[in-house]
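Worksheet: one structure, shown below.
Where a number appears in this text, it was derived from the coordinates with a stated rule and is not lab data. Quick caveat, the model's predicted, so the values are computed rather than measured. In this analysis, Cβ positions are derived from the backbone assuming ideal geometry, glycine residues included, and neighbour counts consider all displayed protein chains.
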Amino acid sequence: MKLEKAPHDFLRFCRLWALICLIHLIVQSSLRAEATLDSRFQYYQEDDHRIRVNSVYSLFSIDLNDTTHVDGSQIYSAISGASPTGLPPLIPGGPLPLAHLKDERNAFTLGLTKQLADHSIRVGYAYSTESDYLSNAVSLQDTISLNQKNTDLVLSCAYTDDRVGANGTDLNAPKRTFDTLVGISQVLSPKDLLEINLSLSWSQGFLSDPYKRVLLNDFFVLADKRPSHRFEQLLFLQWTHHLPWNGASMETSYRFGHNDFGSFSHTAQIALYQKLFQDRIVISPSLRYYWQSAANFYATQFTGAPLYYSSDYRVSKEESYSLGVQVRWNVIRDRLAVDAGYQRYCTRGLDGVTLQAAYPKANSLSAGLHLEF
């Protein structure tokens with residue numbers, strides 16, 4: 001059975017009631033506690049008229065009382081454009097086969113945090129729907145303050161239940177994921193903060209991409225087929241340091257990843273935050289580098305009778321760079337702020353076999369509004 005998308009009228013009705021409830025909570029809580037509201041627009045466009053994504057985010061955070069906090073978000077994305085199918089060109093040296101797509105995504109999250117002595121316990125729920133995808137997730141996190149609040153120990157877990165479909169087919173397959181994380185945040189000095197966390201993820205079910213294809217024995221075109229189980233490990237480290245000159249700090253991070261698809265990954269990022277004009281303006285340039293090895297079942301073409309196979313460039317050996325800058329203007333201190341950002345994203349293959357035309361380059365623009373009550 002094909003996945004069904006919620007009617008537009010019903011989604012608009014839900015968003016309207018969510019907005020009414022949010023305004024009511026903000027009005028009630030603003031008399032006794034703090035509330036924030038963020039609205040953000042993001043435009044993502046790949047070169048050569050490939051994938052385009054227009055997204056609108058709304059985020060809120062409300063202190064109901066001294067020990068209870070609620071937060072959430074609502075996201076709408078319109079996706080269109082073309083993506084490589086995974087098949088080689090019909091003629092050597094010819095254009096890369098592309099599949100055209102158009103879809104919409106609606107999602108929301110909701111979280112409740114309760115402070116109990118040295119424990120900050122948060123429960124969360126997330127929902128996301130597309131024409132061919134449905135996701136429900138629940139999460140639980142406990143942040144324990146130690147060492148006179150100079151140390152935070154974070155313990156969290158999450159469970160996600162997805163249904164995967166494909167437009168034009170009867171596919172309606174389950175996918176389930178369990179995630180757990182252990183982390184620590186340590187104040188090293190008045191100018192230094194170190195964060196380390198280890199996360200583990202177990203996925204089971206339909207993990208293939210229903211839209212990707214492979215070429216077998218130079219003749220047969222088959223759908224992407226990947227193992228139905230995946231175990232992934234991620235180690236993340238972040239160091240925040242206040243620089244000697246006024247109003248500046250630097251944030252550096254590194255993430256190591258591995259999964260039993262046979263892929264390793266390294267991610268390094270550095271960002272500078274510079275305050276100007278008595279903290280009215282904050283400029284944040286950033287640089288990110290990513291490298292990954294190929295999955296065991298990746299190739300551009302296949303022969304024989306392999307058990308698993310994929311020609312999706314996203315599981316090939318590749319690297320990518322992101323260079324961006326964001327500017328935030330605190331129009332009214334602790335009340336109103338606006339920001340705008342730009343990011344350039346470039347990726348390329350490293351196996352010497354996959355056509356470079358498969359790897360996208362993109363521009364991303366964003367603008368946001370931040371309110372405090």
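Applying a threshold of 8 Å to beta carbon distances and a minimum spacing of six or more residues, or different chains, the list of pairs starting in region 80-91 at a residue that is free of Cβ contacts under 8 Å to residues at least 40 places away in the same chain and ending at one that is of a type in the set (Lys, Arg) and in a strand (DSSP E or B) reads 80/52; 80/102; 81/52.
Can you tell which of 224, 218 is within 30 Å of residue 97 (Cβ to Cβ), buried (at least 17 other Cβ atoms within 10 Å of the Cβ) and in contact (Cβ under 8 Å) with a residue 60 or more places away in the chain? Result of the check over 224, 218: 224. Here residue 160 clears all of (1) β-branched (Val, Ile, Thr); (2) buried (at least 17 other Cβ atoms within 10 Å of the Cβ); (3) more than 21 Å from residue 298 (Cβ to Cβ); (4) in contact with a Pro (Cβ under 9 Å, 6 or more places away or on another chain) except the condition numbered (4). The number of residues in region 324-373 being in contact with a Ser or Thr (Cβ under 9 Å, 6 or more places away or on another chain), of a type in the set (Phe, Trp, Tyr) and either under 23 Å from residue 274 (Cα atoms) or not in a loop (DSSP other than H, G, I, E, B) (or both) comes to 2. One residue is enough: does region 317-327 have a residue meeting the conditions more than 22 Å from residue 60 (Cα to Cα), charged (D, E, K, R), surrounded by 14 or more Cβ atoms within 10 Å (Cβ to Cβ) and touching a Phe, Trp or Tyr at 6+ places or on another chain (Cβ under 7 Å)? Within region 317-327 (the criterion being more than 22 Å from residue 60 (Cα to Cα), charged (D, E, K, R), surrounded by 14 or more Cβ atoms within 10 Å (Cβ to Cβ) and touching a Phe, Trp or Tyr at 6+ places or on another chain (Cβ under 7 Å)), the answer is yes, since at least one residue qualifies. Can we say residue 109 is surrounded by fewer than 18 Cβ atoms within 10 Å (Cβ to Cβ), assigned to a strand (DSSP E or B) and of a type in the set (Val, Ile, Thr)? Yes. Taking the listed residues 321, 290, 298, 345, the one that is within 25 Å of residue 264 (Cα to Cα), over 18 Å from the mean Cα position of the chain (by Cα) and of a type outside the set (S, T, N, Q) is 298, with no other qualifying.
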